[in-house]
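Single-structure report; data block below.
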Amino acid sequence: MNKPASFATSQPVRRKEDDRFVTGQGNYIEDMSRPGELRAFMLRSPMGHAKIASIDISAASEAPGVRLILTGADLDEAIDNDMDGGQVKNRDGSMSARPRRPILASDRVRYVGEPVACVIADSLVEAKDAAEMIEVDYDGLDAVVDTAAATEAGQPLVHDEVANNLCYDWGIGDEAATNAALESAARVVELELINNRVVANPIETRGGLAEWDGDRLTVHYNGQGVWDMKGEIARRLKIDEEKVRAVTPDVGGGFGMKAFNYPEHFCIAEASRRLGKPVKWIGERSESILADVMGRDHVTKMWAGFDADNRMIAMKIECTSNLGAYLSAYGAFIASELASRILTGVYDLQTAWFNVKGVFTNTTPVDAYRGAGRPEAAYALERLMDKCARELGADPLELRRKNFIKPEQFPYNTIVGETYDVGNFDRVLTAAIEKADWNGFEARKAASAANGKYRGRGLCYYIESILGNQDEHAEIIFAEDGSVELLVGTQSNGQGHETVFAQFLHERAGIPFEKIRLVQGDSDRIETGGGTGGSRSVTMQGTAVNGAADDLIEKMKPLAEEELEVAAGDLEWQDGAWRVAGTDKSVDLITLADKARREGRVEFLSQRTQTVVPGRSFPNGCHIAEVEVDMETGVTKVVDYCVVDDFGRLMNPMLAEGQVHGGVAQGIGQAITEHVVYDSDGQLLSATFMDYAMPRAEDVPNVPFYHEGTPSTANDIGMKGCGEAGTVGALAAITNAVLDALWDEGVKQVDMPMTPLRVWSWLETAKQHNA
């Protein structure tokens, strides 16, 4: 049997799951319905910081349709009412602070939107009506919201036990050597910048459905992996893990913020246990903006030292990271450990110091958002390189080339212990400037000026590290209906996993593409898995699928000997079938599975394999953006954009391009339109799409995607992940372009978001200064 080449890996196979989605056959949380289902609604704090004097639920409990109202006091008695929070080590070796984070607050609220009570009723309308009847007596406290000022003397304390609101003081590198190198440098360039806070805003808001049946609990939720949910639900509710099933159906976007558990999951699970009925909660858009973890929010100071030949000899970075009101699952790691993985980027630098201080404020907790630390690091480094080029009077391309890690230096050990396996940064940069028509920019700039627009050009050369577990499993099962089930430990959030994983199995095992059915997100059927995050899915899972396919092929060999009536030595695996060498006799795995089923030899009908990828891979690439800024209004638009990436070996070029497009769009959003704003009392002023400006189609230009791949040596398939690369490279490219557009007008510093008012204000200030 010859494999149809159109379905093999590295082919632009169209997404097989889209037929289901575009015909309304998707199965999302809101699509799920159970007989007797109750609805939950969360009462949230309207105060940024306050003591709770009392909570009176008496009137609400008697409201029509109300079945149960949970408060923090109820949870304190019944379950472990304390959310998990990931800790890092301080510079002195001690652990970061980890103040208690209640599932439902009972004595104090620390951000607007913090859940205080959960109302369960026969309908959502009745639950909302009852929530309005709950009387909470708040005693307001002063709030702290400013990232840079959070640790200053006299600021209100978010947690009384955390002095100066400092959660951790983390560092990596050699501080003394870095300071000495900077002191001896021929030139030192300084830069301070702000990485603004954003909201993830997936198209599908979070939700969950809990079902208690006898002594067993099933929790359906739209996340990025089911095993953390299974384990934490069991711990919180104090039940055996074997009695908990976690299920994730179709998911409409995650971007990292659905990779962990939230208070609502535990509330509906406990409510279902108490009531013996299914309980569903679906977040509304206003709740999503208010209470889902947010992203970014850093203030960073940087110093780069150069020798007389413009080679970077040292770099120092001091970052203050806003964690929000509580330590979330990965929030502490993002600005510190995860960002440090690409601390020196694509540059040959062995002397650096990176210090991060994580601070608490009276704002929504911060955690993973597309890229989780790598966009923040790449943004800071490539903004710094842009400024270095200006202050040193160097060509920005040549400054980067001079400091690139050269191909002959790979594998390259970075100062933080990462090993870049392969790369050819100069080749990618050369391709990018050609594709972007770098030399034609001055003519385009003149044409823009004739139309009343300042035009600027910005570049970012990024590298990122694939994160998450380096092991994954896959299981192949020949089902009775003739299909072949592929069980995986990752979880699609819309990336096209059903298609690309079927491509792997089809290519490796010769199983017809149309017969392959992906099974994911069910802890009863899938023993373990690393979930989805950190651009790991296709690299890790693809390797596991290939491993399972190889084991299955070998397992089936004795059946092939019987079917073809030859000895093992006469067989060879070729073109998706066992073949008798030198003849046209062959048998495929589907035929062998049918034989095994007829003969009752069930051991041949499945194969589960666990694989470990020995090292991380490092996607990299060059983004070049061109912007126009209206001279009168400050309105900024990205008008040209070019990306050349090195993703190693592409598994599906069309899906990779789509990932890059989505990432760039999110980068444009953060750079120009999106911005979370709190007032001094902790009130969220950007709480709706009237005030929080998501990018629209007209804000995103055509984004040509080009590929200059150097296959990774860190995994068998040669791949480097691509899920977050678009965002990692976009932020600095766009911001550098805006600064370039405004530079000749006297604007020497810009920060995201570059909204019309901010840009206009910078221009006006420069005009007054130059007058």
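The values are calculated or read from the model by the stated rules, or taken from the named source; none is laboratory data. It should be emphasised that the depicted structure is a prediction, and the values quoted were computed from it without experimental measurement. Virtual Cβ from ideal backbone geometry, glycine too; neighbours counted across all protein chains shown. The area values use the complete protein model at the heavy-atom level, side chains included, leaving out ligands, DNA and RNA. Shrake-Rupley method; radii C 1.70, N 1.55, O 1.52, S 1.80 Å.
Pick out the one residue from Thr151, Thr218 that is in a strand (DSSP E or B), more than 30 Å from Asn413 (Cα to Cα) and at pLDDT 95 or above.
Details: Thr151 fails: in a strand (DSSP E or B).
On inspection, the qualifying residue turns out to be Thr218.
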Candidates Lys748, Lys767, filtered to the one that is out of contact with any Pro (no Cβ under 9 Å at 6 or more places or on another chain), modelled with pLDDT under 95 and surrounded by fewer than 24 Cβ atoms within 10 Å (Cβ to Cβ): Lys767
Per the list (1) more than 18 Å from Ala291 (Cα to Cα); (2) assigned to a loop (DSSP other than H, G, I, E, B); (3) open to solvent by 10 Å² or more (accessible area, probe 1.4 Å); (4) not charged (D, E, K, R), residue check on Ser106 breaks on (1)
Tally of residues being assigned to a helix (DSSP H, G or I), open to solvent by 10 Å² or more (accessible area, probe 1.4 Å) and of a type in the set (Ser, Thr, Tyr) across segment 491-503: 0
Inter-residue pairs, beta-carbon under 7 Å, first of a type in the set (Gly, Ala, Ser) and in segment 16-32, second open to solvent by 60 Å² or more (accessible area, probe 1.4 Å) and in a helix (DSSP H, G or I), 6+ apart: Gly26/Arg20
So Ile466 ticks every box in (1) crowded, with 24+ Cβ neighbours inside 10 Å; (2) in contact with a strand residue (DSSP E or B) (Cβ under 7 Å, 6 or more places away or on another chain) but one. Which box is left unticked? (2)
For segment 310-321, what are the residues that are open to solvent by less than 30 Å² (accessible area, probe 1.4 Å) and either within 24 Å of the chain's Cα centre (by Cα) or of a type in the set (Val, Ile, Thr) (or both)? Ile317, Cys319, Ser321
If I filter segment 258-276 for residues that are outside any strand (DSSP E or B), within 30 Å of Ala335 (Cβ to Cβ) and small (Gly, Ala, Ser), do I get at least one hit? yes
Consider segment 626-646. How many of its residues are of a type in the set (S, T, N, Q) and either over 30 Å from Leu757 (Cβ atoms) or surrounded by fewer than 24 Cβ atoms within 10 Å (Cβ to Cβ) (or both)? 1
In this structure, is Glu480 out of contact with any Gly (no Cβ under 7 Å at 6 or more places or on another chain), acidic (Asp, Glu), open to solvent by 20 Å² or more (accessible area, probe 1.4 Å) and without any contact (Cβ under 8 Å) to a residue 24 or more places away in the chain? no
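From the set of residues in segment 590-625 that are hydrophobic (A, V, I, L, M, F, W, C) and under 30 Å from Pro711 (Cα atoms), which is surrounded by the most Cβ atoms within 10 Å (Cβ to Cβ)? Give the derivation first.
Going residue by residue through segment 590-625, those that are hydrophobic (A, V, I, L, M, F, W, C) are 590, 592-593, 596, 602, 604-605, 612-613, 618, 622, 624-625.
From what is left, the residues that are under 30 Å from Pro711 (Cα atoms) are 612-613, 618, 622, 624-625.
Values: Val612: 12, Val613: 23, Phe618: 26, Cys622: 29, Ile624: 26, Ala625: 33.
Looking at the filtered set, the residue picked out is Ala625.
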Scan segment 695-705 and tell me whether some residue there is assigned to a loop (DSSP other than H, G, I, E, B), in contact (Cβ under 8 Å) with a residue 24 or more places away in the chain and surrounded by 24 or more Cβ atoms within 10 Å (Cβ to Cβ). no
Ile233, sole failed condition from (1) in contact with a Phe, Trp or Tyr (Cβ under 9 Å, 6 or more places away or on another chain); (2) within 22 Å of Ala121 (Cβ to Cβ): (2)
Does segment 449-458 contain any residue that is open to solvent by 10 Å² or more (accessible area, probe 1.4 Å) and within 17 Å of Ile317 (Cβ to Cβ)? no
So if I check each of Leu564, Leu552, Leu559, Leu571, which one is of a type in the set (A, V, I, L, M, F, W, C) and out of contact with any Lys or Arg (no Cβ under 8 Å at 6 or more places or on another chain)? Leu552
Of everything in segment 647-685 that's within 22 Å of Glu376 (Cα to Cα) and of a type in the set (Ser, Thr, Tyr), which residue is surrounded by the fewest Cβ atoms within 10 Å (Cβ to Cβ)? Thr673
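If you check Val639 against the conditions, is it touching a strand residue (DSSP E or B) at 6+ places or on another chain (Cβ under 6 Å), in a loop (DSSP other than H, G, I, E, B) and on the phi < 0 side of the Ramachandran plot? Please lay out each step first, then the result.
Values: touching a strand residue (DSSP E or B) at 6+ places or on another chain (Cβ under 6 Å): yes; in a loop (DSSP other than H, G, I, E, B): no; on the phi < 0 side of the Ramachandran plot: yes.
The answer is no for Val639.
In contact with a Phe, Trp or Tyr (Cβ under 9 Å, 6 or more places away or on another chain), closer than 30 Å to Asp174 by Cα and open to solvent by less than 40 Å² (accessible area, probe 1.4 Å): does that describe Ala97? Before you say what the answer is, go through the steps one by one.
On the way: in contact with a Phe, Trp or Tyr (Cβ under 9 Å, 6 or more places away or on another chain): yes; closer than 30 Å to Asp174 by Cα: yes; open to solvent by less than 40 Å² (accessible area, probe 1.4 Å): yes.
So Ala97 passes the test.
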Counted residues, segment 427-444 - those being farther than 14 Å from Asp395 by Cβ and touching a residue at least 12 places away in the same chain (Cβ under 8 Å): 7
Given the criterion open to solvent by less than 60 Å² (accessible area, probe 1.4 Å), under 30 Å from Ser523 (Cβ atoms) and among the aliphatic types (A, V, I, L, M), identify the matching residue among Leu429, Leu486. Leu486
Checking His506 against (1) surrounded by fewer than 20 Cβ atoms within 10 Å (Cβ to Cβ); (2) of a type outside the set (Ser, Thr, Tyr); (3) in contact with a Pro (Cβ under 8 Å, 6 or more places away or on another chain): exactly one of these is not met. Which one? (1)
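Can you tell me how many residues within segment 517-537 are over 23 Å from Asn715 (Cα atoms), at pLDDT 95 or above and either out of contact with any strand residue (DSSP E or B) (no Cβ under 9 Å at 6 or more places or on another chain) or surrounded by fewer than 24 Cβ atoms within 10 Å (Cβ to Cβ) (or both)?
Restricting attention to segment 517-537, the residues satisfying the condition of being over 23 Å from Asn715 (Cα atoms) are 517, 519, 521-527.
Those still in the list that are at pLDDT 95 or above too: 517, 519, 521-526.
With the extra rule that they be either out of contact with any strand residue (DSSP E or B) (no Cβ under 9 Å at 6 or more places or on another chain) or surrounded by fewer than 24 Cβ atoms within 10 Å (Cβ to Cβ) (or both), the set shrinks to 517, 519, 522-526.
Qualifying residue count, segment 517-537: 7.
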Just to verify a result, which residue in segment 397-418, among those that are touching a residue at least 40 places away in the same chain (Cβ under 8 Å), open to solvent by 40 Å² or more (accessible area, probe 1.4 Å) and out of contact with any Ser or Thr (no Cβ under 7 Å at 6 or more places or on another chain), is farthest from Phe306 (Cα to Cα)? Gln409
Pairs needed: first member in segment 185-213, of a type in the set (Asp, Glu); second member anywhere, assigned to a strand (DSSP E or B); C-beta distance under 6 Å; at least 6 residues apart or different chains. Glu190/Trp303; Glu192/Lys301; Glu211/Thr218
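Yes or no, residue by residue, for (1) free of Cβ contacts under 8 Å to residues at least 60 places away in the same chain; (2) surrounded by 24 or more Cβ atoms within 10 Å (Cβ to Cβ); (3) of a type in the set (Ser, Thr, Tyr); (4) at negative phi:
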| residue | (1), (2), (3), (4) |
| --- | --- |
| Lys280 | no, no, no, yes |
| Arg285 | no, no, no, yes |
| Ser288 | no, no, yes, yes |
| Ala304 | no, yes, no, yes |
| Ala308 | no, no, no, yes |
| Leu323 | no, yes, no, yes |
| Ala339 | yes, yes, no, yes |
| Gln350 | no, no, no, yes |
| Pro365 | no, yes, no, yes |
